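Below: one structure, written as structure tokens.
The values are calculated or read from the model by the stated rules, or taken from the named source; none is laboratory data. Because the structure is predicted, anything quoted here is derived from the model rather than measured. Cβ placement follows ideal geometry from the backbone for every residue including glycine, while neighbour counts extend to all protein chains displayed. Just the protein is used for accessible areas: all its heavy atoms, side chains included, with ligands, DNA and RNA removed. Shrake-Rupley method; radii C 1.70, N 1.55, O 1.52, S 1.80 Å.
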Amino acid sequence: MAMKGLKIKDKHIRSLANLLSGPKPILYHKEDLLAYDCDGFTIERHLPKAVVFPKNTEEVAAIVKYCHENMLPFLARGAGTGLSGGAIPLNNEVVISLTRMKKLLSVDLENRIAVVEPGFVNLKLTNSIADKGYYYAPDPSSQYACTIGGNVAENAGGAHCLKYGVTTNHILGLELVLPNGEIIEIGKDGIPDSPGYDLLGLLTGSEGTLGIVTKITVRVLKNPEDKQTVLAYFDRVEDGSQAVSDIISTGIVPAALEMMDKTAIEAVEAAAFPVGHPRDIAAVLLIEVDGISSGIEEQISKILKVCKSRNVREVKVAESERERARWWANRKTGFGAMGAISPNYLVQDGVIPRSRLPEVLKKINEISEESGLRIANIFHAGDGNLHPLVLFDARVPGETERAIEAGSACLKVCADVGGTITGEHGVGIEKREEMRFVFTDEEIVAQTDVREVFNPDNLLNAGKLFPTPGRCAEVKKELKASTS
Amino acid sequence: MNMKIDEKILQSQVQDTPCSTSSLSNYFEKDAPDEKKWADCVHCGICLESCPTYEVTGQEQHSPRGRVHLIKSVAEGKLSLNEQFMDPVFACLDCRACTTACPADVEVGPLIEEARGQIRQAMPLTGWKGMMSKFFLEGLFPHHERLNKVGTLLKFYQKSGMQTAVRKTGLINIMPDHLVAMEGVMPKVTQSVRKKYKHEDVIKAKTETKSEVAMLTGCIMDVMFGDVNDATVKVLTRNGNDVTIPKEQTCCGALHVHAGDREMGRKLAKQNMEAFHDADTVITNAAGCGAMLKEYPELFREDPEWHEKAVEFSKKVQDISKYLYDTGYEIPKAELNTKITYHDACHLVHGQGVRQEPRDLLINIPGVEMVHMPNADRCCGSAGIYNLTNPEMAGAVLDNKMENVPEEVEMISMGNPGCMLQMAMGVKKDGRNQRVVHTVQLLNWAYEKEDKKREEENEWQ
């Protein structure tokens, strides 16, 4: 048994330690726990009771079973890159870190599937099969570090989801530990579209509230024969967003269609991967098309034509893979780059009808002026997924609250134009209240009823995803959790 | 807009964000970690996968963002300078891979070194560890004469038959495992260049003089790898450089700064800045030393006069591979006919941003076939004397490294003496038969082969 000989006062921590193997499999000192008091959402911070590092499904199940029997709240965590606070322990949870379950278990290229453990890093999957001409499509900007387990929990998207779909479109099977410690499998052998209810669809994006995923079967794709990338600079946001709509209406489905506004450009150019965007432009578009070689040139010339008809200042096609990679590194590190122009940021994740972009950006600009905080916009323009980044300085009294308010106001604007409050980052802690912008109380209760089927005691990741409860039972539970 | 803000958020905000860190800070005022450095960190986590200790442990207190978070927490008064804080801060390899990965350019490395300085102020090393540290860091490395004596002793140990005797009699088994491993790959001690050229003020260029450079010989480099230093002098003079080896130069101080002894670091830095005062270009061939020299300004944040001098000095420092590449050099004509791979020393690639230049020097040697090493810029676990202070972690990091070193190569080239020792251990541990070399050695061999061929041809004529 690990940790033998150590004097641990807390009985639960002693018991949990005895369920685990491997070096230093549990953290319980304040100094270590502090590193787990938040994830990529840093506005709210809470210490966990302990962090455990299981090495396999059986250890996860044993931990969960123990927590269940002893009514200890618990939650799962991957790399902690989530942006909505899904891995923050609101109730002094036992955090089950899956970073030691990081194996690529099998690859079957003939059937185009791979099986991974939840702690396996997103980009590593593509890197492991790239030499054979395959890749894993969902590519969130955090793909250098985020885990596929976390991607399943959040139903992560990414720049290339416009053409290839989000995580849920690439999940073929899951092994899962239920909140009582029982291990189940869904979608065995990676056969798509099994009969019965679409449980894979329900679990993917359930934000860690229904179970803990311990094995994932994913779809992998053959590399497109060819791809080309275009960069276009616009002096007016209206022209840029009109170009986006025009490109889509030509019938082309770009692999990616990204936009950044002036403030976002300022950040990425001040940070680690600048590419020399002009500072005085209103919007930059990054457009990528891929597929069989023969059609690509034609698509590119159509795109260039559209851009020119919409008063583009400058438009260019990447001349080498190196140039293309530089453009993408610049875009994909866009959130982190905010650190170069602001001590803190809060990123929002609204979805809007593409055609409403100029109007929405104008309203966001008004919110920025009212709150006195700068807002940068990074936009998956092709599918209408907008990321307003509210820049603030948490050291200035009052700014954090104003940032939260401004972020919420941005989401209200998105909901009001017929969009919604999250495209890919999840609700977590951050957008619980904003769920009311898009759901009635009854609709929310219907969803918490579904949760109760899986997670009846609400020990697993409680307090996430839905607004402060409207039902007595839940109020009581919350009170109990907060007083204990 | 009527948004209800959770009370908890407000509470946590009050705790999390003191208006001024100084009032609550648990750091000593002098040389406290620089708030500006962590202000850029937005906790995005992109750095995690770049970190070798996170790769081994999977734990965030052993990740760059975790460490930055903890360092910040001491300034916010949430943590104190104690043993538990020391563990993550001292387990960092100081490999700087996170600074390359970070989208916001957070200077994690210097921040960690500042925190170490604080820990050493709060908890000076005592007992056996304190004595060892004093002996090596204060008593030995800064003293060139003493180092040379150690070199002579080592040479005696190797040549006299004592090495064989120690190994055969099992006397060696009284040493800890990691020291046995290191003894096993100790290079054959050759002559130190400071000794060799001690009577020459300037080592003249072999061709017309293009420029004058001064060379930092390094302490370990000159004793353990005198041949690498010698190759450096030869390559420089062959390419039109007059070389001086300032006599007053001393250890660069990197090991001291890594260990949190910033006072000693400053003392050595001042001595070196004075020793190299007249030089326009300072050449280093040890990545760790080069990165330290370039970071001297970090040591003098609170001393404007020396800070300015350090900024000027740091601009003069160049790694040998980058210097040759930038100023032009003669491409060797003889063929070496060998398969090699290249390992990026952390303090060259992440510390100094030198990635492509040494590779180009090597690829341009006729007959050299370069085999790609995946994750070539991943730390090998040497990290100064980390492999002595944290042998377990260093061993795990080395195992991860060796998995990526191609089997089919004859030589592994790199630009740092610490890596050379560590990689040699990896090669031995893996039961391989590969030679670990410095980039400049390969270049020099090619030149020597070319000269030999020319001499032979002349004899024939």
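This table checks each residue for (1) farther than 26 Å from A:P343 by Cα; (2) surrounded by 15 or more Cβ atoms within 10 Å (Cβ to Cβ); (3) not assigned by TED's automatic domain parsing to the domain that holds B:L255.
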site: B:T100; (1), (2), (3): no, yes, yes
site: B:S133; (1), (2), (3): yes, yes, yes
site: B:K149; (1), (2), (3): yes, no, yes
site: B:L153; (1), (2), (3): yes, no, yes
site: B:Q158; (1), (2), (3): yes, yes, yes
site: B:Q163; (1), (2), (3): yes, yes, yes
site: B:K188; (1), (2), (3): yes, no, yes
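Only residues that are out of contact with any strand residue (DSSP E or B) (no Cβ under 7 Å at 6 or more places or on another chain) and among the charged types (D, E, K, R): list them for segment A:275-300, please.
A:R279, A:D280, A:E297, A:E298
List every residue pair whose Cβ atoms lie under 7 Å apart, where the two residues are 6 or more positions apart in sequence or sit on different chains, the first residue falls within segment A:157-168 and is part of a loop (DSSP other than H, G, I, E, B), and the second residue, located anywhere, is of a type in the set (D, E).
A:G157/A:E424; A:G158/A:D139; A:A159/A:D139; A:A159/A:E258; A:H160/A:D139; A:V166/A:E424
Would you check if A:G382 is open to solvent by 10 Å² or more (accessible area, probe 1.4 Å), more than 12 Å from chain B (Cβ to nearest Cβ) and touching a strand residue (DSSP E or B) at 6+ places or on another chain (Cβ under 7 Å)?
no
Inspect segment A:72-81 for any residue being surrounded by fewer than 24 Cβ atoms within 10 Å (Cβ to Cβ) and either modelled with pLDDT of 95 or more or out of contact with any Asp or Glu (no Cβ under 8 Å at 6 or more places or on another chain) (or both) and give the result as yes or no.
Applying the first criterion (surrounded by fewer than 24 Cβ atoms within 10 Å (Cβ to Cβ)) to segment A:72-81 yields A:72-73.
Going one step further and asking which of them are either modelled with pLDDT of 95 or more or out of contact with any Asp or Glu (no Cβ under 8 Å at 6 or more places or on another chain) (or both), we end up with A:72-73.
Yes; the residues of segment A:72-81 include at least one that is surrounded by fewer than 24 Cβ atoms within 10 Å (Cβ to Cβ) and either modelled with pLDDT of 95 or more or out of contact with any Asp or Glu (no Cβ under 8 Å at 6 or more places or on another chain) (or both).
At least 1 residues that are at positive phi and more than 9 Å from chain A (Cβ to nearest Cβ) in each: list the helices (runs of 4 or more DSSP H) lying fully within segment B:32-94 that qualify.
Numbers: elements: B:35-39, B:52-57, B:64-75, B:83-91.
The helices (runs of 4 or more DSSP H) meeting that bar number zero.
Just for segment A:392-409: of the residues that are within 8 Å of chain B (Cβ to nearest Cβ) and not aliphatic (A, V, I, L, M), which one is farthest from B:S73 (Cα to Cα)?
Filtering segment A:392-409 for residues that are within 8 Å of chain B (Cβ to nearest Cβ) and not aliphatic (A, V, I, L, M), the one farthest from B:S73 (Cα to Cα) comes out as A:S408.
Can you find, within segment A:114-130, the residue that is nearest to the other protein chains (Cβ to nearest Cβ) among those that are more than 18 Å from the chain's Cα centre (by Cα) and among the aliphatic types (A, V, I, L, M)?
Ranking the qualifying residues of segment A:114-130, first place goes to A:A130.
Residues of segment A:23-49 being hydrophobic (A, V, I, L, M, F, W, C) and either in contact (Cβ under 8 Å) with a residue 12 or more places away in the chain or more than 7 Å from chain B (Cβ to nearest Cβ) (or both), which ones? Quick ask: steps written out before the conclusion?
Filtering segment A:23-49 for residues hydrophobic (A, V, I, L, M, F, W, C) gives A:26-27, A:33-35, A:38, A:41, A:43, A:47.
If the condition is that a residue be hydrophobic (A, V, I, L, M, F, W, C) and either in contact (Cβ under 8 Å) with a residue 12 or more places away in the chain or more than 7 Å from chain B (Cβ to nearest Cβ) (or both), then A:I26, A:L27, A:L33, A:L34, A:C38, A:F41, A:I43, A:L47 are the ones that fit.
State all residues of segment B:374-427 that are buried (at least 17 other Cβ atoms within 10 Å of the Cβ) and either of a type in the set (V, I, T) or free of Cβ contacts under 8 Å to residues at least 24 places away in the same chain (or both); if no residue qualifies, say none.
Once the filter is applied, which keeps residues that are buried (at least 17 other Cβ atoms within 10 Å of the Cβ) and either of a type in the set (V, I, T) or free of Cβ contacts under 8 Å to residues at least 24 places away in the same chain (or both), segment B:374-427 yields B:I385, B:T389, B:V397, B:V405, B:V409, B:I412, B:V427.
Out of A:V94, A:V116, A:V107, which single residue is surrounded by fewer than 24 Cβ atoms within 10 Å (Cβ to Cβ) and touching a residue at least 60 places away in the same chain (Cβ under 8 Å)?
On the way: A:V94 fails: surrounded by fewer than 24 Cβ atoms within 10 Å (Cβ to Cβ); A:V116 fails: surrounded by fewer than 24 Cβ atoms within 10 Å (Cβ to Cβ).
Criteria check complete, one pass: A:V107.
Where residues in segment A:119-146 are more than 22 Å from A:K55 (Cα to Cα) and touching a strand residue (DSSP E or B) at 6+ places or on another chain (Cβ under 7 Å), which of them is surrounded by the fewest Cβ atoms within 10 Å (Cβ to Cβ)?
By that ranking, first place goes to A:G133.
Can you pull out the strands (runs of 3 or more DSSP E) entirely within segment A:63-113 that have at least 2 residues that are within 14 Å of chain B (Cβ to nearest Cβ)?
Values: elements: A:74-77, A:94-97, A:104-108.
Passing ranges, in order: A:74-77, A:94-97.
Tell me which of these B:R116 doesn't satisfy, since it passes every other one: (1) away from chain A (no Cβ under 14 Å); (2) of a type outside the set (S, T, N, Q); (3) farther than 24 Å from A:K30 by Cβ.
(3)
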